[in-house]
Amino acid sequence: MSTPTATLLAEIAEIGRDEVRGGVTRPGLGSAEIALRDWFIEHARARGLEVEIDRNGLTWAWWLPVDGSRDGAVATGSHLDSVPGGGALDGPLGVAGALRALDVLRTRHAHPPRPLALVVFCEEEGSRFGLPCLGSRLMTGAVAPERVRGLRDAHGVTFSSAARDAGIDPDGIGENPEALAHLAAFVELHVEQGRGLQDLGRPVAIAGSILAHGRWQVTLTGAGDHAGTTRMADRHDPVVVLAGIVRAVRQAARSWPDARGTVGRVEVVPGGTNVIASRARAWIDLRHASDDVVRSMLATILSDAAREAESEGCSLAVTEESFTPAVAFDTRLAARLRSVLPDAPVLDTGAGHDAGILAARVQTAMLFARNPTGTSHAPAESCTDEDAEAGAVALADVLDDLLARPLDAPGPS
Ligand code: GLV
Ligand code: MN
Ligand code: MN
């Protein structure tokens, strides 16, 4: 069996299609993500791989050496969930690319010299339960299972309940040392989420680092009232404070070189045109190469917000949903990738990835495939069929090299 990457991607392009927002909406543990997971399992089984879904809902498909051992495995894969109204390639390119890379490797070897694992992570975007890279955080012990069990989606559904519906026992989630112990290295292929490769005129890059990033939920509580009868001086309007926060986020991010600050989600309760809101909520996303700069931007934004909330007579509560320190990918593994792909530039990224979480426990690297629009988390995200194939073949070449030669001990990161 051998299927071009573009054909694999075309098979799943319509799953989770969002007619309202445009693009695709594939929330973690939702029906679209599960349909995609089933699609992956079908392809893996058709190739004779041993498939299992682990305690955290990660799907593993194993191509084993003659002795059947899983030790010293090289792993590759990505995720199948999406942001609301997102592109169809953020995640799926790395999963389709992993299947394609396997097909290429099977034309070269009857059996792999060492085990190869294809893995699909879940809820990478954190679009449903607020915590990005949920599956890899659970696997590596970066988040406490008790916290995850209690997370709720926008409809109040708990992670535990959604997990049960998806066939995962929520009492069994948590760090997976057995899975980690099998892995010698992990390499994730991903569509590039910027214009680096397009500007350089190259199809494939090697990742250098990931910006530190975090998410904070800010809840402002005021006094709901009538839009026509409440005098301006008598109002406690949380939306006014929220508007100040949006501007403060932009201001803070503009005051540091290469910082990013976004409010991409707000909620106004009860949400009537002729109603002064009683509550407003904003989700802040901040990113920079330095963890300290992210913290410092947040401190500035929140001290402005506290002042504005007080002057409006509103209360303010802040919850940190996640904080992910900056990641520099393993330099020795990156050097191995460069020896296989000498023409590939090294690009840093502002996007978070499961590879970044795994990097704390496993030698980890990433490849990016050119995205001609440079857009991501939006329907305009793209990759030509040729570049998707180039990414998958580059991945196959890198995996072939890693499967053939043992890795050094982890290098400085
Ligand atoms: C995920 O893609 C993120 O960077 O938030
Ligand atoms: Mn992704
Ligand atoms: Mn993403």
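Scanning region 217-252 for residues that are more than 16 Å from C314 (Cα to Cα) and buried (at least 20 other Cβ atoms within 10 Å of the Cβ) returns A248, V249, A252.
Please work out if G208 is within 17 Å of V318 (Cβ to Cβ) and in a strand (DSSP E or B). Here the answer is no, as G208 does not meet what is asked. Among all positions in region 123-131, there is no residue which is more than 16 Å from ligand 1 (Cβ to nearest atom) and buried (at least 24 other Cβ atoms within 10 Å of the Cβ).
Is at least one residue of region 152-173 within 30 Å of V204 (Cα to Cα) and either touching a helix residue (DSSP H, G or I) at 6+ places or on another chain (Cβ under 9 Å) or more than 16 Å from ligand 2 (Cβ to nearest atom) (or both)? The answer is no, given that none of the residues of region 152-173 is within 30 Å of V204 (Cα to Cα) and either touching a helix residue (DSSP H, G or I) at 6+ places or on another chain (Cβ under 9 Å) or more than 16 Å from ligand 2 (Cβ to nearest atom) (or both).
Yes/no per residue for (1) of a type in the set (D, E, K, R); (2) within 16 Å of ligand 2 (Cβ to nearest atom); (3) at pLDDT 95 or above; (4) in a helix (DSSP H, G or I):
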| site | (1), (2), (3), (4) |
| --- | --- |
| V318 | no, no, yes, no |
| L333 | no, no, yes, yes |
| R361 | yes, no, yes, no |
| D397 | yes, no, yes, yes |
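Evaluation of W283 against the conditions (1) part of a helix (DSSP H, G or I); (2) within 26 Å of R152 (Cβ to Cβ); (3) touching a residue at least 40 places away in the same chain (Cβ under 8 Å) shows that the sole unmet condition is (1). Could you check, for region 81-88, whether at least one of its residues is within 16 Å of ligand 2 (Cβ to nearest atom) and of a type in the set (A, V, I, L, M)? The answer is yes; a qualifying residue exists. Each residue in region 318-334 was checked for being away from ligand 3 (no atom under 16 Å from the Cβ), closer than 21 Å to G196 by Cβ and touching a Gly at 6+ places or on another chain (Cβ under 8 Å), and 6 pass.
Condition check ((1) assigned to a loop (DSSP other than H, G, I, E, B); (2) away from ligand 1 (no atom under 16 Å from the Cβ); (3) out of contact with any helix residue (DSSP H, G or I) (no Cβ under 6 Å at 6 or more places or on another chain)) across all residues:
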{"position": "G68", "(1), (2), (3)": "yes, yes, yes"}
{"position": "A88", "(1), (2), (3)": "yes, no, yes"}
{"position": "A96", "(1), (2), (3)": "no, yes, no"}
{"position": "R100", "(1), (2), (3)": "no, yes, no"}
{"position": "T107", "(1), (2), (3)": "no, yes, yes"}
{"position": "H111", "(1), (2), (3)": "yes, yes, yes"}
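Confirm whether H213 is in contact with a strand residue (DSSP E or B) (Cβ under 9 Å, 6 or more places away or on another chain) and part of a strand (DSSP E or B). Yes; evaluated as a whole, the condition is true for this residue. Residue-level check: of (1) part of a strand (DSSP E or B); (2) in contact with a helix residue (DSSP H, G or I) (Cβ under 7 Å, 6 or more places away or on another chain), A184 misses just (2). Here is the figure for region 294-316: residues that are over 22 Å from the mean Cα position of the chain (by Cα) and either part of a helix (DSSP H, G or I) or more than 19 Å from L220 (Cβ to Cβ) (or both) total 16. Filtering region 219-246 to residues that are touching a residue at least 60 places away in the same chain (Cβ under 8 Å) and either under 17 Å from V266 (Cβ atoms) or in a helix (DSSP H, G or I) (or both) leaves T219, L220, T221, G222, D237, P238, V240, V241, G244, I245.
Results for (1) of a type outside the set (D, E); (2) surrounded by 18 or more Cβ atoms within 10 Å (Cβ to Cβ), shown as yes or no for each residue.
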position	(1), (2)
D291	no, no
S296	yes, no
S311	yes, no
L316	yes, yes
V327	yes, yes
R336	yes, yes
L358	yes, yes
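Residue pairs whose Cβ atoms lie under 7 Å apart, sitting 6 or more positions apart in sequence or on different chains, and linking a residue in region 151-174 that is on the phi > 0 side of the Ramachandran plot and buried (at least 16 other Cβ atoms within 10 Å of the Cβ) to a partner that is in a helix (DSSP H, G or I) and at pLDDT 95 or above, are G174/L138; G174/P145. Tell me, yes or no, whether region 97-106 has at least one residue that is within 16 Å of ligand 3 (Cβ to nearest atom) and either aliphatic (A, V, I, L, M) or surrounded by fewer than 21 Cβ atoms within 10 Å (Cβ to Cβ) (or both). No, region 97-106 contains no residue that is within 16 Å of ligand 3 (Cβ to nearest atom) and either aliphatic (A, V, I, L, M) or surrounded by fewer than 21 Cβ atoms within 10 Å (Cβ to Cβ) (or both). In the set A388, A409, A369, only one residue is of a type outside the set (S, T, N, Q) and at pLDDT below 95; that residue is A409.
I'd like the residue in region 135-146 that is in contact with a helix residue (DSSP H, G or I) (Cβ under 9 Å, 6 or more places away or on another chain) and in a helix (DSSP H, G or I) and, out of all such residues, is surrounded by the fewest Cβ atoms within 10 Å (Cβ to Cβ). Out of the qualifying residues, it is P145. In summary, D81 fulfils each of the numbered conditions (1) within 16 Å of ligand 1 (Cβ to nearest atom); (2) free of Cβ contacts under 8 Å to residues at least 60 places away in the same chain; (3) in contact with a Phe, Trp or Tyr (Cβ under 8 Å, 6 or more places away or on another chain) with the single exception of condition (3).
The values are calculated or read from the model by the stated rules, or taken from the named source; none is laboratory data. For clarity, every value in this text was computed on a predicted model and none was experimentally measured. Every residue, glycine among them, receives a Cβ derived from its backbone with ideal geometry; neighbour counts consider all protein chains shown.
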